[in-house]
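A short worksheet on the structure shown next.
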Amino acid sequence: MASLISAALLMSPTLPPTGPLPAMKPSAEAAHVAPFQGPPRPETAEVPKPEPKPALKEGAPETTPDDANTPAETQKESVASPPPPPIEKEDPEKLKACLADLRTLGVQFEEKPAVTEGEGCGIEHPVEVKAIADGVTVSAGADMRCDTARALATWMKNMVQPALNVAMPGRKIVGITHASTYVCRLRNGASTGKISEHARGNAIDIADFKLDNGQSLTMKPRDEDSTLEGAFQRAATAAACLYFTTVLSPGSDAAHETHLHLDVLQRTNGYRYCR
């Protein structure tokens with residue numbers, strides 16, 4: 001009987017212990033694993049900071065035209081406008097020679113007393129031009145320095161009228177309508193910035209040419225104008241840079257859509273700005 005019981009015990013499966021299971025110890029690897037926290041929230045994600053822009057160098061050479069301001073220049077000048085330069089002094093001998101040149105060119109003009117308005121505005125020895133180059137009249141109020149009048153008369157005689165002879169044979173320019181000559185203001189009439197060459201008698205804005213048949217050649221953007229009238233304006237404008245140091249054609253910028261700006265500002269090394 002005992003042998004049968006022993007055989008039965010050997011053939012039956014091992015039963016699990018009936019008491020509580022012993023606690024399992026975590027492995028060394030599992031003990032060092034950080035708990036899962038999920039992806040970073042959008043509001044806590046780090047946003048890269050933009051790189052700072054390089055600072056503008058002080059004392060950089062001026063590359064803008066005399067009577068035009070770029071947005072960067074306007075912003076800079078709105079902080080602190082430069083002091084206006086003093087009224088330009090005339091060299092007596094050069095002035096005498098200039099007035100003699102005006103008479104030789106047939107310019108009708110009147111010498112006027114000095115104009116001084118403060119803030120850098122004025123002309124030490126102004127002339128009021130009434131007609132240039134073979135009786136081409138200039139609209140009223142054309143006060144300017146002698147150098148400006150000489151450049152205007154020479155350009156008209158040597159370049160403008162000959163160009164018209166090619167574009168419109170038989171026609172003759174009999175008058176110039178100006179939009180502005182001497183006026184005390186800053187460039188483009190701004191409230192801050194550099195003083196305009198108009199305020200020093202160095203500039204004239206031409207609005208149109210009057211022809212002997214009553215027609216007017218109005219200054220306007222003509223870069224894409226393939227007519228002879230357009231060709232004449234471009235030829236006259238390009239030739240102006242032979243006599244003036246600043247030439248701003250109609251359409252060269254927003255402030256010069258309806259007129260041709262010409263001035264005789266003297267720059268370093270004889271630099272000229274023509275567009």
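Anything in the stretch 172-196 that is part of a strand (DSSP E or B) and more than 17 Å from VAL247 (Cβ to Cβ)? List them, or say none. Walk me through how you get there before you give the answer.
To start, the set of residues in the stretch 172-196 that are part of a strand (DSSP E or B) comprises 173-180, 186, 195.
Answer for the stretch 172-196, where residues must be part of a strand (DSSP E or B) and more than 17 Å from VAL247 (Cβ to Cβ): ILE173, VAL174, GLY175, THR177, LEU186, ILE195.
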- Query: Does any residue in the stretch 129-149 that is farther than 26 Å from LYS89 by Cβ come within less than 7 Å, Cβ to Cβ, of a residue that is surrounded by 24 or more Cβ atoms within 10 Å (Cβ to Cβ) and small (Gly, Ala, Ser) six or more places away or on a different chain, and which pairs are these?
  - Reply: ALA133/ALA153
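Within the stretch 169-186, identify whether any single residue is closer than 23 Å to ALA97 by Cα, touching a residue at least 24 places away in the same chain (Cβ under 8 Å), touching a helix residue (DSSP H, G or I) at 6+ places or on another chain (Cβ under 9 Å) and of a type outside the set (Val, Ile, Thr), and answer yes or no.
So the first thing to find is which residues in the stretch 169-186 are closer than 23 Å to ALA97 by Cα, and the list is 181-182.
If we keep only those that are touching a residue at least 24 places away in the same chain (Cβ under 8 Å) too, we end up with 181-182.
Then drop every residue that is not touching a helix residue (DSSP H, G or I) at 6+ places or on another chain (Cβ under 9 Å), which leaves 181-182.
Filter again for of a type outside the set (Val, Ile, Thr), leaving 182.
Within the stretch 169-186 (the criterion being closer than 23 Å to ALA97 by Cα, touching a residue at least 24 places away in the same chain (Cβ under 8 Å), touching a helix residue (DSSP H, G or I) at 6+ places or on another chain (Cβ under 9 Å) and of a type outside the set (Val, Ile, Thr)), the answer is yes, since at least one residue qualifies.
Scan the stretch 173-196 for residues that are of a type outside the set (A, V, I, L, M, F, W, C) and either at pLDDT below 95 or out of contact with any strand residue (DSSP E or B) (no Cβ under 6 Å at 6 or more places or on another chain) (or both) and report the count. Show your work before the answer.
Taking the stretch 173-196 first, the residues of a type outside the set (A, V, I, L, M, F, W, C) are 175, 177-178, 180-182, 185, 187-189, 191-194, 196.
Filter once more, so that each one left must be either at pLDDT below 95 or out of contact with any strand residue (DSSP E or B) (no Cβ under 6 Å at 6 or more places or on another chain) (or both): 180, 185, 187-189, 191-194, 196.
Counting residues in the stretch 173-196 that are of a type outside the set (A, V, I, L, M, F, W, C) and either at pLDDT below 95 or out of contact with any strand residue (DSSP E or B) (no Cβ under 6 Å at 6 or more places or on another chain) (or both) gives 10.
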- Can you pull out the residues in the stretch 138-150 that are over 11 Å from VAL107 (Cβ atoms) and part of a helix (DSSP H, G or I)? ASP147, THR148
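Regarding ASP205, is this residue touching a His at 6+ places or on another chain (Cβ under 6 Å) and either among the aromatic types (Phe, Trp, Tyr) or touching a residue at least 40 places away in the same chain (Cβ under 8 Å) (or both)?
Against the criterion (touching a His at 6+ places or on another chain (Cβ under 6 Å) and either among the aromatic types (Phe, Trp, Tyr) or touching a residue at least 40 places away in the same chain (Cβ under 8 Å) (or both)), ASP205 qualifies.
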- Message: Residue pairs, Cβ under 7 Å, 6 or more apart or interchain, first in the stretch 94-109 and in contact (Cβ under 8 Å) with a residue 60 or more places away in the chain, second among the aliphatic types (A, V, I, L, M) and crowded, with 18+ Cβ neighbours inside 10 Å. List them.
- Response: none
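Every residue, every condition in (1) over 15 Å from ALA179 (Cβ atoms); (2) among the charged types (D, E, K, R), yes or no:
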site: PRO221; (1), (2): yes, no
site: GLU224; (1), (2): yes, yes
site: GLU229; (1), (2): yes, yes
site: ALA235; (1), (2): yes, no
site: ALA239; (1), (2): yes, no
site: TYR243; (1), (2): yes, no
site: SER249; (1), (2): no, no
site: SER252; (1), (2): no, no
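The values are calculated or read from the model by the stated rules, or taken from the named source; none is laboratory data. Just so we're clear, the structure is a prediction, and the values are computed from it rather than from any experiment. Please note: Cβ atoms are built from the backbone with ideal geometry, for glycine as well, and neighbour counts cover all protein chains shown.
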